[in-house]
Each structure stands twice: as structure tokens, then as C-alpha cells.
1. So how far apart, in nm, are the two label points at F464 and F213 if each is 7 Å from Cα heading toward Cβ?
2. What nm value, rounded to one decimal, do you get for the distance between S387 and K206 when each label is placed 7 Å out toward the C-beta?
3. Mind checking the per residue accessible area of the chain for me, 1.4 Å probe, whole number of Å²?
4. Does a label point 7 Å from the Cα of K253, set along Cα-to-beta-carbon, have any residues of the range 410-448 with amide nitrogen under 16 Å, and which are they?
5. Roughly how big is the range 1-120's charge dipole about its Cα centre, with Cβ charges of +1 (Lys, Arg) and -1 (Asp, Glu), in debye to the nearest 20?
6. Taking 8 Å as the Cα distance limit and 6 or more residues as the minimum spacing, I'd like the relative contact order of the chain as a percentage.
7. If you place +1 on the Cβ of every Lys and Arg, -1 on the Cβ of every Asp and Glu, and leave all else neutral, what size is the dipole of the chain about its Cα centre, to the nearest 20 Debye?
8. What does the convex hull of the Cα atoms of the chain come to per residue, in Å³, rounded to a whole number?
Amino acid sequence: MNENQKRGSFSGTLGFVLAAAGSAVGLGNIWRFPYLAAKNGGGLFLLVYIILALTFGFALLSTEIAIGRKTNQGPLTAYGKLNSKWSFLGLFSSVVPIIILPYYCVIGGWIVKYMIAFLNEDMLGTTADGYFGGFITSPVFPIVFFVIFLFFIALVVYKGVNSGIERLSTILMPILVVLMIGIGVFSLFQNHTDGSVTRTGLDGLKIYLIPNFEGLTFKKLLTVIFDAMGQLFFSISVAMGIMVAYGSYVPKKTNLLKSVNQIEIFDTVVAMLAGLMIIPTVFVFQGQEGLSAAGPSLLFVSMPKVFNAMGGIGSLIGIAFFLMVLFAAITSSVSIMEAIVASFMDKFKMTRQKATVVVTVIALVLGLIVCGGYSFYYFELTLPNGSIAQVLDIFDYISNYVLMPITAILTCILVGWVIKPQAIIDEFTANGEKFPRRGLYIVMVKFVAPVMLVFLLLQQMFNFIK
Ligand code: PFF
């Protein structure tokens, strides 16, 4: 067996694109993108997001995928292979997925629970808030569902790149898109009367799509830009070691530029579909106020309330919705586990099977700590950005808000100033392909992206522009 066969590889471009898109399309697309769009002037946010995706996002995603393919290594060893003095960066980008995997799987467990709850209709007669609170503070059930979810993810990664990850993504991603389109269309035809006001899905659609420049100040515009940048950064799964790991499994004949474009388009279209699905529905049943929920409270409280308010069909839509969310969470979790497994295989010369078992045990221990944060040792901590946190939020803050921007800044410095952007461009043009956005890429990676990331880091850490 040669080195490549041992590490595994995608069978071709489609498998890679779907797996990478599967990673990119995750909870962020569903529980944050629609909320940010509604909060930030609808179409205005979409416009800023697309511009950033084509410039900032394009540069970061291209860089990581090329680093993976060029070095043929997982994140832990890839950076050191580019320049031995920069091995420490591998450590940064491997710590991030180690922190994220456990809590993402805890949330994955909550999703499984909710899908079953809609199947059994066992939420009927309870308030959605009470149901969620009761569930996550239970000392047993969240752990059970977390373990089920984690073991499923581990099984996929254990099976390997080709027969595990790639096969899973080629099945789940098309179903996910079909479910989203179905629920999205359904949501447009909803209407609901509250006292004397009738709200329709189309009114909600207008809030989402039509740019709202009303009361737009410079400060507000800055908030829109930061929100879009932070969201994009998280959404394309960069600075988590994932794209380096997946890049290392991309066949040499694959056209990287086309793949990067397709991944970004896929991720953005799905985020927009999520908005189409969520904004009109929430608006119809809860009015403008409902649109201020994001994250777990959107997914596990607001949406269930909406489904309950729909009457008979609500439980069916609820099942479809949580199935779709589950698929998004599975393919992202698989990718984050793979980032760690790839690192362990390359660094410690472990077999995939052994690395998967080790990583699962680590995630299990950390995940139990996360679950316990809502029950055994519940506490509230105020973070430097002002939000109140439990264990899960602390993990999220350290990884997303601190380590990820730092990893990305350092990656830009390494590529922009040490190994030079041409090294990445060469990987893109290895088979004689064209790289038309060469100038843009160089300017982005050397100057614009690192500067923007420094501001993003400060904003996310301290929330100074409120
Ligand atoms: N792009 C993913 C999302 O939007 O949710 C980011 C991600 C988070 C990927 C966590 C993987 C993961 F485990």
C-alpha cells in the first residue's frame, strides 16, 4: 500500500465537493445566517455576505485546501511541512476541532432528541421553553443522545474517507437540499391571524430579501460587515483544520478553483434557503419579535413553538425540519472529527481505526463535561464580550471567537509573507489550470484578510461595536 492509499482519498471532484460542502453546511447556516440577515437589513446583509464570500472567503478557503493537498498532511503536521518554524500553527488548528467536536456532538444529540419528540408528538401540551429547559438540565438524557450521536459520527470516520465520509455526504446532501426547498416553499404559503393582524409568508420574504437602508449609519454598516464576516468565516469551516484535512485527500487531478467555487456556492445557497425556510415561518407565527432569536433558542424553542402553532401538519414539518438539521449537523461533525483523526494518523503514525477510537474517547470525556454544565455543576459566567456562559458557551467562545481568528491570521502571515502566495497559486495551477483571481488572492491573503481578521478577533472577543 502506498502512502496515499493508507491515508485514504476522495474518489474524485464530486465526492470532495459534497464532503466539503457537507462540512460547510452546518448549524451556522441554519441558526445564525437567517437571524443575522433579518437583523441586518435583509438584502443588505445578503449583498455584503456575497461580496465577502467572493473575496475574503475565497482567499481563506483556497489557502487551506491548497495547504492540505500540497503537503498531503492533516492540520497538525501540514504547517510544519510548509515551514519547520511554523509547526506550532498545526497545534493551534488541531486544538480548535478538539474543542468543537464534543459540544457540536452534544448539540447533535439534542437534535436527535427533538426529531424523536416530533415523531412521538411528546411535546404536545408542554411549552417549548419548559420542554427544552427540562431536557438539557436532566442529568441523563442529554448524555444518552450525545453518546448515540458521537458513536454514529465515529462509525462514519472509522470507515474512512471513501466508504465513510464521501458516501455519507453523497447521500445526505441531496436529501438535505430537497427537504430545505420543500419546507421553504411550504413556509411561503403560510398565513396566520393574531387578533386583527394577518401575517403572510410573503411579508416575511420581503423582510428577508429587500435591502433595508432605513436608519443606516456608519456604525450600523460596520456591524453588518462584522456580522457577515464572522458568519462567513465560521460557515466555510476554515481555521478548524477541516479544509486542510479534506484538502489532503483531494486527488492531484482535481481542479481546485472550480471546487472552491462550488463549495462556496453550495454553502451560500443553503444558507439562503435556510433563511427562506425560517424567516417567513417565524414571522407569520411570531411577528417581528420572533426574528430576534438565534442559536439554540431559535432551533429548540422558537421553531418548535411555530410547528406547534401550525396544528396537525406541524408535527410532520417538525420531523422534516429536524431531519434536515440533523443531516447538516452530521456531515459537519464528521468533518471536524476527521480533522483530528487525520492529524493523529499523520503525527503519531496511528491507523485510522486506532486514531478514531482515541478521538472518540477524548470527545466522550469532554462532551460529558459539557452536558454536566447544564445539570451537575450549573453555573453562569460572564464572558469578556458580555454574554452569559455555561460550559458549552465557554468552549464555543475559546474556539470560535479566540483561537479560530488567531489561527486564520497566522495562516495568512505564513502564506502571505513566509512561503509566499505563489506557493498556493502553484498548487491551484498544477495541471495547467488558470487562476484568474491571482491579484485579488495575493492582496487578500497578504493585507486585507489578516487586517480584517484582527478586527474580527477584537470585536468577537470584546464586542466593542454594539
Ligand atoms: N460550517 C459549519 C457550520 O456552519 O456549522 C461550521 C462547523 C462547525 C463545521 C462545527 C464543523 C463543526 F463541527
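The values are calculated or read from the model by the stated rules, or taken from the named source; none is laboratory data. The structure displayed is predicted, hence computed values, not measured ones. Cβ sites come from the backbone with ideal geometry, for glycine too, and all protein chains shown count toward neighbours. Surface areas here come from the heavy atoms of the whole protein model, side chains and all, with no ligands, DNA or RNA. Shrake-Rupley method; radii C 1.70, N 1.55, O 1.52, S 1.80 Å.
1. 2.9 nm
2. Once both label points are built, they end up 3.2 nm from each other.
3. Accessible surface, normalised per residue, equals 38 Å².
4. Answer for this model: 430-433.
5. For the range 1-120, the charge dipole is close to 140 debye.
6. 33 percent
7. 1480 debye
8. Cα-based convex hull of the chain, divided per residue, equals 136 Å³.
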